[in-house]
Every structure is written in structure tokens, then in C-alpha cells.
Amino acid sequence: MRRRCTWNIFQSIEYADEQDQTKLYNFFGFLMDHFTPASSERKLISHIFRENDICRDTEWERYNCCRSVEVPDSYTGPRLTFPMTFCGVSELVEAFKHRQKLHACYVLQLLGETWRLLQILPNINHVSFCHTREITICGDLHGHLEDLLLIFYKNGLPSSEKPYVFNGDFVDRGKNSLEILLILFGFLLVYPNNIHLNRGNHEDHIVNLRYGFTKEVVGKYRVHGKKILKLLQKIFSSLPLATMVDHKVLIVHGGISESTDLNVIARLDRHKYVSTLKPPMQSLHTTSTNSKMADSDGLVESRRRVRSLPNQSPTPAGRHDFPRRSLQNPPVSDRLYWSVEKELRKRRKEAGFDQSYGDMKMSDSGQDPGDTGTDDHEWKQIVDMLWSDPMPQNGCIPNKLRGGGCYWGPDVTENVLGRHNLQLLIRSHECKQDGYEFCHNRRVLTIFSASNYYEVGSNRGAYIRMGPNLNPHLVQYQASSTCIDLTLRQSVGWTERSALQALRQQVFVHKSDLISAFQEFDPNSTGLISTRDWASATESILKLGLPWRVLRPQLVSSTQHGKVEYRQWIRELSLTEPHLEISDTSILEIMYKNHSNLETIFRIIDTDHSGLISLEEFRQTWKLLSSHLKMEISDKTVADLAQSIDFNKDGVIDINEFMEAFRLVGISAHK
């Protein structure tokens, strides 16, 4: 039960961040709609809405030209030759295993060759067992290179006799996303008929701004990072959307909806969907003249097409009284276990988590009433395939937690699989504790291949071996050597401490709102409230759908006669924060609370990916954030903050150093 509670903490915080990302992107769309083209705010973010500036093939050579990139004699890494060979990609795997870096010249060449191959692939790849005895299917890797290497060690390298399907989300979160891409692209070039790569929702340049891949590429290739990122935008939009095995098993990253039509998906032009967070801009206007007119007079119509994934926040939990349970002492009887399990399920259901949506109304995934065009229909097909999750109840409803795609039930699975004469749907997109999970009467199988996704010991990874009988054989693993040396109790304790630390950070950044909520239950200002009121107020602010009464002994040490000393609790949070000489310290709490949003805006404004922004750009970033938050942040306060962190007084701010300075850590970890 401690493991289950820990899992819910990690998942709740992750999904809350995805909601923030969707809200921020919707805000950008609002600016594009309501601000004039000449406004500074609109200019700062307009480039992320423009058509990819390398989509036109006539300009391709300008970005893909490697002849001007020289490889020095001192370079000791792998030297690739093209056409790619098995020996070449094997050498690449070994180099990355030993943390060597591939020269930018070879990176650009490899990406260029990959793009040329992807152009001729269909939207839905087809795999047959007539030439092979078994196929291997992998889920999300998210930059976890050690997981990919372990899969190859256990299962063998890709080859004509050992075909693989990799089901998207190769990038973000982990630190070796680029290495994973280069390895997979290398094998794809050698065995184009035996390696199949599906697009995931993280193969998206706007998503990459928030979740780390943009930062990773620029950090590894400062000179050529921008060019590499531009090429990857083009490649991501060229990745196939699904793979079909023997016309009986459908493999997609996210899932399906009641409107999923594989015939439509097979025909649409996937290449124009550079970001799946919005319909392609080129569908707006057929001529440049119309485009200019739309900028000045057609903002509302433009927004109809620019609109992003719908954002819907979870419903706050109500005030209920549950028996108190401690995570420190695992339950010893079935009665105790199910009591805590019941609270977990109920809390998650009330907050909208854990796929419990019986009270929600059927909807069309938040689509605007006026959006009935062909492009919108195609766009919805792609969004549903990349963003959706299964739920236990029948029906198809908007995915409120992620902000895009849908939740679909067993009836939708039966209808879609029956309509296309399929027997199994394999998808990824969700981290599972055991690396996999069956649902919908075993007609849907989730596979997740990034072990230790949240923390060391938090989950196993898994992959599927499938033979001609189409029965999935599941292989589990855990990549980190640290996990091998830990007992189950030690592993649970490790991940539990990490989850509770992450939860304390959430409490810390919302401390002012929490104190206000607690004071509503404390009219006499005693500093004490009941555990029930403490749990209710905490959920009303954080909206994480967690069993707070179960978590209370691990979070709160200051109690008196069964009541929570909430002021003392807030003071005891052992988190470090920078000491800056600024007049208005309230901006620090805004900074902590909107850490990810602020970094995303920074990286959007940093169009050359230099990692540096001017003091004026710093001011504009805070202006955008304050508009998004609908609150006033004075120019003086922002200027004060900028001056205090511009240590060398050169007029520019290092984004990475700034964000690292404000990353909350525990005192013990800091020491």
C-alpha cells in the first residue's frame, strides 16, 4: 500500500504539470487571437505558431548541408559512413554505451538520411510474420538509454531476423534522448523493413520546450543545436502514426476514440502536423494575401484554427472523513488493506484521477462547435491516437487530466476493434508499476519500457515478444544496478522518501494559499485545525487527488491533541531557497509555483537557443507570465530580480543557471 500511495503521488504531480503546460499553451493561443500583430507579447511567441520554416523542400539543403561542418583529426568518436551499415550502427551503440559523443557532422547526416527514408513510409506500417518468427514491441523510453541497451542485451540487436516496433516517446525527461534517437534511426536506415518507429505525443517541438529535450540538444551541441532541432521537427512530423501486425494487432502510442477511423488515418497528410497541439497553420489560408488579411482582420477565425488542446481541470475533492492510516507501517490484514485502498480510490475519483469518470457527461473532446472542417477531423484523429488513455467505464469523454485526447471505455474498444477486424490494441503513453497492464477484457495492453521513470525503484520496464499466434509474451526488467542491491522494503522506502520530498515541494510553493485555506477553518487564530479540515483544505489548493489523511503522519510532525499545527508545519518544510537582495520577496513564491511555466517561456523567447536572454527579454518573460496568471508584477520588482541575478553585470541572464538557482531541494540533499 505504501508503494501504491507513492505511485499516486508521482503520477498526480506529473499530470498536474501536464495541465499547466496545456493552460500555458492555451494562453499563447489567446494572445494570438486578442493581441494586435504589432504587440510585443504576440511577437515573442508567434514563431511557435508559424509553419515550420524548413518544411519547404527547396530550403532543405540549407539546413542539411554537412559539408561546411568539419570533423577535426582530434575527434575520437565513431566515424559514420553512408549508406549506413550494421557495423556502423553497432559502433554507435558501443560509443554511446561508453558516453562518447557523436560529432555534429554525423548527427546532421544521419538525421538527413532518416528524413529521406521517412518520406516514403505510410502512415500505418504493416508487419507480417511470413519472414520472421517473432517481433519485439517496446513502449516509452523517455531518454533512458540504459533501458534501451538492456533490452538489446536481453533480446538481441535489431536485424532482419529480430524486428522491433518502438511505440513513441523516445525523448524528454531522461538525459539521453538524442542518443536513443540516433541509435533507432541508425537501425532504421540499415533495416527499413524490420524496424518500425511510431510517433508519440512527446515527438513534438512545443512539448520538448518544457520537458527537457530542447535543453538537452542545445547543451550537447551548442554550435549546431538549433539546426539539429529544426531537422528533428521535420523528422517528428514524418514519423508513422501506427503499426499493424498481421492485420490483427494495432500498435499506437496513446489509443483510440469512438471516432477513430484507420482508413482516414491511412490517407491523411501526417507531415503537416509539426505539432499535434494545434491544427496546421497552412490550412488557414490558401494565399499569402489571405494570410496577411487574417493577421489584421481575421484574428477570431485564426484562433479557431490555432486553438490548442482543450484544458479541463479536475474537480476538487469534497470534505470527507476517512480513517487515518500511516505509510510507515504496512497493513497487516486484508481489512486494513482494503480500507486504505478504498480511500485511495475515492480520493482519486473525486479529483478526476485513476480513470474513474462515471459521473462525467459524454462530450466531443472539447471541440469547438464551429470546427467541422476536414483538417479538424484529421487533427482530432491524430490527437486521439497520441494522447488518449483507457478507462474502466463505457463511453468516450475528454481527457481532463492531460488536456488532450480522450478517455475511452471497453465498449469503444470493442466497436473500433470489431469495425477493423482486430483482436488486440497495444499502446504505451502511461507509466505502469510493472511495466505493463491489461485492461478492457485483455483487448488493450499498455507497455512502458522506461524503468525507474519517477525514481530509482519506482517501476519496472517491460517489452513484448509476439509470435505468429499473436499472444504477447511480456518480459520485465529494471535497468538500474542500484535496484538490484535493494530489498523490497528498502526500494519502497527509497521511492517513498523521494515522492514525499516532491510533495513537500508542492506544499512549499503553495504555502500562502494553504495558510489562507487553513485559516478559514481556524476563525479564532489558534493555529490548530482538525486532521479532517487539514486534509480538505490541502486538497482544495493542490488538487492532486491524494489520500491526505493517510499521508498526514509522513508530512506533518506538529500535532496537538489530534489537531494539526499548520503554521508550524509550514515553517518546518526543509527546503532551501536562494538569498537574493530584492525588495519584494513575494515574487519568489510566484517563481517557485510557476517554475516550469517560466522556463518554458524563457526557452520560447530564446529563439537562437543560446541559453542567454537579455534583461529586456527577462522583463518580457515576466510580463507574459503575469498576464497568464492574471496578476500584477511590477516592472520595478522584475528589474530588481534581474539585477540581483545578473552577477557579472553583462546585461544577459543564463537561463540554466537562473532555473537551477531556484530549484527547490531538501536541506540534506543540498548539503
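A compact table of results
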| quantity | calculated |
| --- | --- |
| N452 under 22 Å from the mean Cα position of the chain (by Cα), of a type outside the set (G, A, S), under 22 Å from R4 (Cα atoms) and open to solvent by less than 10 Å² (accessible area, probe 1.4 Å) | no |
| Answer from T446, T413 - the residue that is over 30 Å from R489 (Cα atoms) and open to solvent by less than 10 Å² (accessible area, probe 1.4 Å) | T413 |
| Residue, surrounded by the fewest Cβ atoms within 10 Å (Cβ to Cβ), within region 124-148, restricted to residues that are in contact with a helix residue (DSSP H, G or I) (Cβ under 7 Å, 6 or more places away or on another chain), over 18 Å from D434 (Cα atoms) and of a type in the set (A, V, I, L, M) | I124 |
| Enumeration of residues in region 230-253 that are part of a strand (DSSP E or B) and open to solvent by less than 10 Å² (accessible area, probe 1.4 Å) | A242, T243, V245, V249, L250, I251 |
| Pair list, Cβ < 8 Å and 6+ apart or interchain, from region 459-477 residues that are free of Cβ contacts under 8 Å to residues at least 12 places away in the same chain to residues that are of a type in the set (V, I, T) and surrounded by 14 or more Cβ atoms within 10 Å (Cβ to Cβ) | H473/I464 |
| Set G373, G395, G358: member being more than 25 Å from P240 (Cβ to Cβ), open to solvent by 10 Å² or more (accessible area, probe 1.4 Å) and either touching a Phe, Trp or Tyr at 6+ places or on another chain (Cβ under 9 Å) or modelled with pLDDT under 90 (or both) | G358 |
| Residue in region 254-263 that is more than 28 Å from E91 (Cβ to Cβ), outside any loop (DSSP other than H, G, I, E, B) and either in contact (Cβ under 8 Å) with a residue 12 or more places away in the chain or not β-branched (V, I, T) (or both) present | yes |
| Selected residue (criterion: surrounded by the most Cβ atoms within 10 Å (Cβ to Cβ)) from residues of region 505-514 that are closer than 14 Å to Q568 by Cα and of a type in the set (A, V, I, L, M, F, W, C) | L514 |
| Scope region 149-161; condition over 16 Å from C87 (Cα atoms) and open to solvent by less than 60 Å² (accessible area, probe 1.4 Å); matching residues | L149, L150, I151, N155 |
| Test: residue in region 515-531 that is open to solvent by less than 10 Å² (accessible area, probe 1.4 Å), farther than 21 Å from Y15 by Cα and part of a strand (DSSP E or B) | yes |
| Every pair of residues 6+ apart whose Cβ atoms lie under 8 Å, when the first sits in region 214-240 and is under 18 Å from I120 (Cβ atoms) while the second is open to solvent by less than 40 Å² (accessible area, probe 1.4 Å) and among the basic types (K, R) | F236/R199; S237/R270; S238/R270; L239/R199; L239/R270; P240/R199; P240/R270 |
| I397 being in a strand (DSSP E or B) and among the aliphatic types (A, V, I, L, M) | yes |
| Count of residues meeting criterion [assigned to a loop (DSSP other than H, G, I, E, B) and at pLDDT 85 or above] in region 52-96 | 15 |
| Lone qualifier among I9, I13 - being touching a residue at least 40 places away in the same chain (Cβ under 8 Å), open to solvent by 20 Å² or more (accessible area, probe 1.4 Å) and among the β-branched types (V, I, T) | I13 |
| Region 550-561, subset in contact with an Asp or Glu (Cβ under 9 Å, 6 or more places away or on another chain) and open to solvent by 30 Å² or more (accessible area, probe 1.4 Å), residue nearest to D20 (Cα to Cα) | S557 |
| Hey, A502 open to solvent by 10 Å² or more (accessible area, probe 1.4 Å), touching a strand residue (DSSP E or B) at 6+ places or on another chain (Cβ under 7 Å) and not polar (S, T, N, Q) or not | no |
| Members of region 111-123 that are under 17 Å from N198 (Cβ atoms) and either open to solvent by 10 Å² or more (accessible area, probe 1.4 Å) or outside any helix (DSSP H, G or I) (or both) | W115, L117, Q119, I120, L121, P122, N123 |
| Filter pass, V492 being closer than 30 Å to L424 by Cβ, open to solvent by 10 Å² or more (accessible area, probe 1.4 Å) and either part of a helix (DSSP H, G or I) or in contact (Cβ under 8 Å) with a residue 40 or more places away in the chain (or both) | no |
| Region 164-199, residues that are open to solvent by 20 Å² or more (accessible area, probe 1.4 Å) and under 23 Å from C105 (Cα atoms) | K175, N176, E179, L189, V190, Y191, P192 |
| Residue in region 638-647 that is at pLDDT 80 or above, over 19 Å from I45 (Cβ atoms) and outside any helix (DSSP H, G or I) present | no |
| Qualifying residues in region 124-153 (those that are β-branched (V, I, T) and not in a helix (DSSP H, G or I)) - the one nearest to the chain's Cα centre (by Cα) | I137 |
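The values are calculated or read from the model by the stated rules, or taken from the named source; none is laboratory data. Just so it is clear, the model here is predicted, and its values are computed rather than measured. Using ideal geometry, Cβ is built from the backbone for each residue, glycine included, and neighbour counts are taken over all protein chains shown. The area values use the complete protein model at the heavy-atom level, side chains included, leaving out ligands, DNA and RNA. Shrake-Rupley method; radii C 1.70, N 1.55, O 1.52, S 1.80 Å.
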